[in-house]
Amino acid sequence: MGIDSVSEQATVDSSGKLEDKRENGTSHCIQNPNGKPVNTECFHFDNLDGCTLPKLNRSDINWHRLKFHENLFIIILQNGYHETFSELFNLIDYEEKRRLNEGPSSSYWYIQSLIDRHQLLSEMMIHLINAENFNRSNQINEVYKENLYLAELFRSNINDAWLLGIYLQKCLNIVTNGYFTVKNMIKIKKNLNGLNNNTQFDNLNELKQSLKRSLFEAIYHNAAYFYEKASNQKLVGLCTKQISQSYQHHKEYELAYKFANQYLEIAEHSNDISEKIEACKLLGSINENLSKINEAEINYTTAVEYSHTLNDSMKLTETYELLAKFYIMNTDKHELAKLAAVNGLKYAQTNENLLYNQLKLWYSMSKARLMEEHYLNIVIAAQNNSRDIIDLIKWKDTRHDLPIFDKEHFMEVTYNSFTKTRNHINQSSSN
């Protein structure tokens, strides 16, 4: 703090000796590292101007004197977050003890420790404090989400696998305890006739269902973690698929898409064609939910291509059925819908099952929509023309194509009918 004052009174020459600017005396000298005498008279505090010294309180001094994590601990405790302090302290303590036990020859010795990762520690502190606040107000699902966020912080760094495991297990414990607590509460209140208030029952039941979803999600996250630890990528992929489907079921489509994409990446990495097909089907349905029609079309057509690679008639039937349904429900590409349905029927005809009947439905719908404009006009014209009626009867009996629609003929045979209807409407309006 007195460095500026000192610099006004002394300089260092090229030999490393501090020289007083006022006088070059040899009193009050000590030896510098080079063995040269150093004048210490300039360090007398009588010469310092008190007005130039900054006023520092204890926290200012601690901030510069203590380590980063120690200052965080002080902030946390001063604000009353004792659970957050205990958790961070125990994690840092455990990591340091493990590092010392393994010794300098271990890889742990050279891994950057938590106390040196300031940004990570700050983010952990924020979310642990959030979790502690939610816990005080019994918002169990929010506590779970904060801890799941913490778990995701450690997923990308292989050296943080131990932290990922700790927080995934913590997530599972939180929702397990919360779910069974709420479930037992509902049961007890029912037995005591304490749920006469329908609103109270609905709120508890909604909370129970929400915690149940989080419980399944936490189970799959933990299963995926252990399967990954055991290097079983197929099981990791299946768990990731289940997590995605769970999010999709609860209409959290962005999260569902994230995990479906991870599922596809795992399938592509393992080059498992069946899993690639399933991943594309899942991504297609989620993109439909997100109204990303072009992306969904790409997903479904890719699934069909993978099915051809696999040369599995059942898979081909399934993927063509999904593609035909997609075109019918989301687009006006009725020709493509019809083509997909025809191809699906070709592979499905070996065994008539539910998919076969669904494909017949999509084929019929696509064909009907293609025929709609042409046939509807002939049906209207047939009400006023016997030749058109005969053509319709023949078509019904033989299913031969009807004559090409003649616009002039249509206008001619319907003119009188439309004129009469218009006059009748005008007359009714005037009355």
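The values are calculated or read from the model by the stated rules, or taken from the named source; none is laboratory data. What you see is a predicted model; the values in this text were computed from it and never measured. All Cβ positions, even for glycine, are placed from backbone atoms using ideal geometry, and neighbour counts span all protein chains on display.
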Seminar exercise, completed: Checked against (1) assigned to a helix (DSSP H, G or I); (2) of a type in the set (Lys, Arg); (3) within 16 Å of the chain's Cα centre (by Cα), Lys251 satisfies every condition except (1)
For this session: Please find, among Lys251, Lys187, the residue that is modelled with pLDDT under 85 and either surrounded by fewer than 20 Cβ atoms within 10 Å (Cβ to Cβ) or of a type in the set (A, V, I, L, M) (or both).
Result: Lys187
Problem set entry | Among residues of region 167-221, those that are farther than 20 Å from Leu255 by Cβ, of a type in the set (S, T, N, Q) and not in a loop (DSSP other than H, G, I, E, B), counted | 12
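The rows are residues; the columns are (1) buried (at least 18 other Cβ atoms within 10 Å of the Cβ); (2) modelled with pLDDT under 90.
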site	(1), (2)
Ser156	no, yes
Ile174	yes, no
Asn198	no, yes
Ser214	yes, yes
Exercise. Would you call Tyr263 under 19 Å from Ala151 (Cβ atoms) and without any contact (Cβ under 8 Å) to a residue 40 or more places away in the chain?
Worked result: yes
Exercise. If you take the residues in region 295-321 that are touching a residue at least 40 places away in the same chain (Cβ under 8 Å) and either in contact with a Lys or Arg (Cβ under 6 Å, 6 or more places away or on another chain) or of a type in the set (Ser, Thr, Tyr) (or both), which one is farthest from Ser285 (Cα to Cα)?
Worked result: Thr317
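For (1) over 13 Å from the mean Cα position of the chain (by Cα); (2) surrounded by fewer than 18 Cβ atoms within 10 Å (Cβ to Cβ); (3) modelled with pLDDT of 85 or more; (4) part of a helix (DSSP H, G or I), each residue gets a yes or a no:
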{"position": "Ser231", "(1), (2), (3), (4)": "yes, yes, no, no"}
{"position": "Gly237", "(1), (2), (3), (4)": "yes, no, yes, yes"}
{"position": "Lys241", "(1), (2), (3), (4)": "no, no, yes, yes"}
{"position": "Tyr257", "(1), (2), (3), (4)": "no, no, yes, yes"}
{"position": "Tyr263", "(1), (2), (3), (4)": "no, no, yes, yes"}
{"position": "Ile286", "(1), (2), (3), (4)": "no, no, yes, yes"}
Exercise. Does region 80-94 hold any residues that are outside any helix (DSSP H, G or I) and under 32 Å from the mean Cα position of the chain (by Cα), and which are they?
Worked result: Tyr81
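When the residues of region 322-349 are filtered to those that are assigned to a loop (DSSP other than H, G, I, E, B) and among the polar types (S, T, N, Q), which remaining residue is nearest to Asn287 (Cα to Cα)?
The initial filter retains those residues of region 322-349 that are assigned to a loop (DSSP other than H, G, I, E, B), namely 331-333, 349.
Narrowing further to those that are among the polar types (S, T, N, Q): 331, 349.
Details: Thr331: 14, Gln349: 30 Å.
Only one residue tops the list, namely Thr331.
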